[in-house]
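S.K.: Please see the structure below; I have some questions.
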Amino acid sequence: MDPITRLDYFRKEHLDILRFLEKWEGAISLITSKDDERRTKALSELREMESDLHAVPNHCYSEERNLESPYRSYLKKKQFHTLTNEHQELGRLVQDMLRKLQFATMDQIDNIAGLGMQLAEFIRRHIGYEETLLNGIEQGLALEGKP
């Protein structure tokens, strides 16, 4: 796959993740309700989104492990190192969240809400960082005259 197509693919996945985050943050905001029925519903919604949550670290894995990854091919060593460190942190946050969702009780709802928002904020920041990297790669390819 040519580098520009790969960049477009990553951008599409970023948009999909951002759409997921809108639903995620909606459920997180409901989980802080004073109404137990709403909180229970929100917890159920979060649990239903677990497969989407798993997709985030899978996306990260493909970005750095794929032999055709533009990150692997075009980033400076320090940039790639920062990227992989952020992917590791993101993976840790996702695993923490999944563990909390699995064993959640009404007494732990506030912890879930806090971690859920922290995770969403981290993912948004990380996607912003990746978009900056993608733009830099695209500019570099244009300067080299590659399509």
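The values are calculated or read from the model by the stated rules, or taken from the named source; none is laboratory data. Worth saying up front: this structure is predicted, and the values here are computed from it rather than measured. Cβ atoms come from the backbone with ideal geometry, glycine included; neighbour counts cover every protein chain shown.
S.K.: Here are some residues: LEU46, LEU18, LEU83. Which one is out of contact with any Cys (no Cβ under 8 Å at 6 or more places or on another chain), closer than 19 Å to ILE137 by Cβ and aliphatic (A, V, I, L, M)?
M.R.: The conditions single out LEU83.
S.K.: Going by the structure shown, is ILE28 over 16 Å from ILE137 (Cα atoms) and in contact (Cβ under 8 Å) with a residue 12 or more places away in the chain? Spell out how you get there, then give the answer.
M.R.: Values: over 16 Å from ILE137 (Cα atoms): yes; in contact (Cβ under 8 Å) with a residue 12 or more places away in the chain: yes.
Yes.
S.K.: Of the residues that make up region 109-129, is at least one farther than 30 Å from ARG39 by Cα, touching a residue at least 12 places away in the same chain (Cβ under 8 Å) and within 20 Å of the chain's Cα centre (by Cα)?
M.R.: Yes, region 109-129 contains at least one residue that is farther than 30 Å from ARG39 by Cα, touching a residue at least 12 places away in the same chain (Cβ under 8 Å) and within 20 Å of the chain's Cα centre (by Cα).
S.K.: Being touching a residue at least 24 places away in the same chain (Cβ under 8 Å) and not in a loop (DSSP other than H, G, I, E, B) is the filter; apply it to region 62-79 and report the residue that is surrounded by the fewest Cβ atoms within 10 Å (Cβ to Cβ).
M.R.: Restricting to residues being touching a residue at least 24 places away in the same chain (Cβ under 8 Å) and not in a loop (DSSP other than H, G, I, E, B), the top hit is SER73.
S.K.: Quick one: which of ALA55, ALA113 is over 23 Å from ARG11 (Cβ atoms) and modelled with pLDDT under 95?
M.R.: Working: ALA55 fails: over 23 Å from ARG11 (Cβ atoms).
Being over 23 Å from ARG11 (Cβ atoms) and modelled with pLDDT under 95 holds for just one of ALA55, ALA113, which is ALA113.
S.K.: Kindly establish whether ARG124 is loosely packed, with under 12 Cβ neighbours inside 10 Å and among the basic types (Lys, Arg).
M.R.: No: the conditions fail for ARG124.
S.K.: Considering ASN58, ASN85, which residue is surrounded by fewer than 19 Cβ atoms within 10 Å (Cβ to Cβ) and more than 11 Å from the chain's Cα centre (by Cα)?
M.R.: Result: ASN85 is the single residue among ASN58, ASN85 that is surrounded by fewer than 19 Cβ atoms within 10 Å (Cβ to Cβ) and more than 11 Å from the chain's Cα centre (by Cα).
S.K.: Let me ask something additional. Go through region 93-119 and report how many residues are buried (at least 19 other Cβ atoms within 10 Å of the Cβ) and small (Gly, Ala, Ser).
M.R.: Number satisfying all stated conditions: 2.
S.K.: Oh, and also: Could you tell me which residue of region 13-25 is surrounded by the fewest Cβ atoms within 10 Å (Cβ to Cβ), considering only residues that are of a type outside the set (A, V, I, L, M, F, W, C) and over 15 Å from ASP110 (Cα atoms)?
M.R.: First pass over region 13-25, keeping only residues of a type outside the set (A, V, I, L, M, F, W, C): 13-14, 16, 19, 22-23, 25.
Subset that is over 15 Å from ASP110 (Cα atoms): 13-14, 16, 19, 22-23.
On the way: GLU13: 19, HIS14: 18, ASP16: 14, ARG19: 11, GLU22: 9, LYS23: 14.
Restricting to residues being of a type outside the set (A, V, I, L, M, F, W, C) and over 15 Å from ASP110 (Cα atoms), the top hit is GLU22.
S.K.: Which pairs have Cβ atoms under 8 Å, sit 6 or more apart or on different chains, and link a residue in region 95-107 that is closer than 17 Å to ALA120 by Cβ and touching a residue at least 40 places away in the same chain (Cβ under 8 Å) to one that is surrounded by 14 or more Cβ atoms within 10 Å (Cβ to Cβ) and of a type in the set (Lys, Arg)?
M.R.: LEU101/ARG47
S.K.: Pairs please, first residue from region 49-61 and on the phi < 0 side of the Ramachandran plot, second anywhere and charged (D, E, K, R) and surrounded by fewer than 16 Cβ atoms within 10 Å (Cβ to Cβ), Cβ atoms under 7 Å, 6+ apart in sequence or on different chains.
M.R.: Hits for this filter: MET49/LYS23.
S.K.: Now a separate question. Given the conditions (1) without any contact (Cβ under 8 Å) to a residue 40 or more places away in the chain; (2) surrounded by 12 or more Cβ atoms within 10 Å (Cβ to Cβ), report the number of the one that GLU138 does not fulfil.
M.R.: (1)
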